[in-house]
Every structure is written in structure tokens, then in C-alpha cells.
């Protein structure tokens, strides 16, 4: 089969470089490039992308062999219906490896129509390396490379304020753009690039914090023949993704005018403050995951889909979200319920086999960040504890015993935490176990024994779990505690 290229595919459009993209991996190609491609075809955005490989090893050579083209397969559940879509992405116009040719990379700064810089260099990418010297290239860190690029643009266009860039990082850290800007300014100082350049960075470039959300399994190695048989040309860069997509970008009217997202039917929000949306994602999506894992594994389930499809475990997870998590959040109820429904659709995706054991890693720290705030906020607002989140907490504690009905459990955590739980579980008194775990301030950020009624309820849940199993234990727990949620 002939390799996919622009010549044989007929996708020969020549787009001006408006976007520099740091990162050529599966996520950006299934997320940002998909959206840019859609903007080009449906909203006359007319934006070409220049991809920069952020580390020495990567896919740039393969991208160039296919003239920047690849196929994106999107599969999932939307509104309860299975969706399958295929799209050939053609917005990437050139791909560069700065470790091979740093001058070619810097020359991107001279592109007249360049407006945007977008990145996803992993959480570790936005970091400062004091060993990065101005004259020593290629620079090691991503922010150092960006600083050098901006310096080149500043010089080339003689500090023209109209030539500043809109910088939109997609790394999965909070305040990603704020952090990137700070580090760039640290390099300006380290390299002594002057107050004029610093002023241009601060006043002529805009930095936008973001929240991104899409599951991207990537290259379907195990099913490649099935995918390749749907194509006319060989594609070594096939990428798969779920149907759901969310991009929340901090910005205002000016950003909305620069990127006409309103002209395409995609879940992209430009808002004044992304923090409520970050909290929504962490509490609902991530929180539901963390709530379900020990509970579902103890119930005999293996995957997320199996959990939400089951009458008992599915109802438990759904009610935990709608009745106990959503009421603790401050966005509009309709918006929260809509997002929660989308989350459950994603959990039911038959094309992604999400093993519960694979998301059990570091469940204690995940519970602290993702679930405990909902539990405590519920107690604060309702003056009672949430039934399912409290029971899920007991399931977490029981999970860390490491065995269930003679079978080993997939506990994955720091050795010190596992050893601590092992010692706690040497005591067969459920009240003592609950008390010892809840007073671990280093786990929860506070002593949870101070939360009214929590220790006693967790102890009851542990006893019911042990004696009656998960399903009957939960029913008995509700009856004995008479919790209302």
C-alpha cells in the first residue's frame, strides 16, 4: 500500500504558518490539530501549523515523510449513542527538530502571519534549567527555547507590539501559562536580555491558562490492520481518541475574536477564570474514578465500563456524582449535570477498555485531592455526611489491607503507605482501624477524626463490608446509619 502523502491524497493546500506547536505526540494531534483543522475547513481560519519536536527523540521525521498528514479516528458514546468518526488532518505544514537544525527552528520567529504558540511538553516541560545558557544551543528546557524564539521575533520585527504571540500551553498543571510566563521572564533576567524585551514579553504577548480533557489512546497497535483496512493509503501515524473533548481557555473578547471557536460545534470555552471548571473536572470526572476504584474492585469488577453498566455499582457511582459531588460545586446545576452525564457516557465507551487496576495507583493521594474535598464540603453544606462517599472511603481503607476473600488486591502506592496500612490492619477492631487511618494528617492534610461522626461511620461501613460484602454491606450501612443522600 502506498504511503499517505499530500500528492496522492490531494490535500495540497498551502497554509500560512500561524501556529507554532511544541509537541508532536498523540494528544496534540488528536486535540489541538483536530480543532485547528476543523476551524480551517468550517470557519476559514486559514492557519498552518509548524510542529516543533520538544525533545531529541520524537515523530518529526515520520510526520515529514507523510507531509504532516495523518488520520484521526474518534470513537465513543454521546447522548447514549455510539459514535465513530474518521478525519484526515491536514493543518500541519512543516515539522522541525531543533536538535538537528536550531537555526531553522529560530527562523520560525520571522513568519509574518505567526500569531499563536501552543504546547504540550508534559507536566515536567514547564520548568527552569539554570544550566541553559543563551549562547549554548539547542537549549534544553522548553521555556528556554520559547524565550530564544521570542527574542528572535523581538529583534527581527524591531520590537513591534503587533508581532507579539498568543501563548496557550496545554500542559496538565494548574496555572500553566502563568508558570510558563514567569520562567520565560526568569530567562530574560538570566540571559540579561534587557528591560525593553521584558516589557515586550509582558505587554505585547498574551498568556492563557488552560484546562484540556480528552482521552487519547493513541496509535492502535493491537488493532492496526482493522484501522488500516479503512484507509486508501498506508498511515503510520494513525491516532485514536474518544469523541468527548473539552478545552477551557482563560481569555476575553480579544481571544474570542482571534480564534472563531463559536463557528464550530466543539466544546471549547473561553472564560474569565478556568478554576471552577478545573474543580468541576477534578471533583466529577477524577473524583468519580477514584470513588469507584476500590469499591468496584471489591465488588468483583475489572473495568470502568463494567462498573457503570452494572445495576448496583453503576447506580452507586451515578448517585455519588449527582447527589453528593455536584451539590458541593458552585457552577450552575444544569451545567454540572450536563458535564456529569458526559462523564458517564465516557465511562461507558466500549472502545476504551479502562482497567480499574490501572487507575488504582496512589489511591490515597488521589482520594485526598479528588474526593475528600467533596465529602467535607457536603458535610459543611448539609450538616451531614454523604452516604456513598463515606462508604467509598471505607472501601479505600479496606482495599489497602491488600487482600479480599483470599485474593490479592492491586494496591499500588508508596511502600511507606502500604506498610503503614499493613500495620494498622494488624488490629481487628474496626473503630481502631478507622481512627488510626483518619488521624493520618500526612495522608489527608488534616486529622479527619475531628470531622463530626466520620470515624464512627467509617467503622460501621468497614464492619458491614467485612461481614456482608459490598452490595449487602452498603444496604445495611444505609439502614443502620440512616444517612439521607
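The values are calculated or read from the model by the stated rules, or taken from the named source; none is laboratory data. As the structure is a computational prediction, the values presented were derived from the model and not from experiment. Quick reminder, even Gly has a Cβ in these numbers, built from the backbone with ideal geometry, and neighbours come from all protein chains shown.
With a requirement of 2 or more residues that are more than 25 Å from residue 256 (Cα to Cα), free of Cβ contacts under 8 Å to residues at least 40 places away in the same chain and not assigned by TED's automatic domain parsing to the domain that holds residue 339, the helices (runs of 4 or more DSSP H) lying completely within the stretch 1-111 that satisfy it span 60-65, 102-107. Cβ separations smaller than 7 Å between residues 6+ apart or across chains give the following pairs from the stretch 141-153 residues that are more than 13 Å from residue 117 (Cβ to Cβ) to residues that are modelled with pLDDT of 95 or more and buried (at least 23 other Cβ atoms within 10 Å of the Cβ): 144/187.
In the set 303, 313, 291, 240, only one residue is closer than 30 Å to residue 8 by Cα and at pLDDT 95 or above; that residue is 240. Is it the case that residue 174 is more than 20 Å from residue 103 (Cβ to Cβ), outside the structural domain of residue 369 (by TED's automatic domain parsing), over 27 Å from the mean Cα position of the chain (by Cα) and surrounded by fewer than 20 Cβ atoms within 10 Å (Cβ to Cβ)? Judged against the criteria, residue 174 is not a match. Of the residues 196, 186, the single one that is surrounded by 15 or more Cβ atoms within 10 Å (Cβ to Cβ), at pLDDT 95 or above, not assigned by TED's automatic domain parsing to the domain that holds residue 354 and not in a loop (DSSP other than H, G, I, E, B) is 186. Scanning the stretch 121-146 for residues that are farther than 23 Å from residue 210 by Cβ and either buried (at least 21 other Cβ atoms within 10 Å of the Cβ) or touching a strand residue (DSSP E or B) at 6+ places or on another chain (Cβ under 6 Å) (or both) yields one hit, 139. For the stretch 449-468, a residue qualifies if it is under 34 Å from the mean Cα position of the chain (by Cα), part of a helix (DSSP H, G or I) and touching a residue at least 12 places away in the same chain (Cβ under 8 Å), and the qualifying residues are 449, 454, 455, 457, 458, 461, 462, 465. Summed over the stretch 345-370, residues that are over 16 Å from residue 399 (Cα atoms) and in contact with a helix residue (DSSP H, G or I) (Cβ under 6 Å, 6 or more places away or on another chain) total 4.
In summary, residue 331 fulfils each of the numbered conditions (1) in contact (Cβ under 8 Å) with a residue 40 or more places away in the chain; (2) assigned by TED's automatic domain parsing to the domain that holds residue 395; (3) assigned to a helix (DSSP H, G or I) with the single exception of condition (3).
For the stretch 355-384, a tally of residues being surrounded by fewer than 18 Cβ atoms within 10 Å (Cβ to Cβ) and in a loop (DSSP other than H, G, I, E, B) returns 4.
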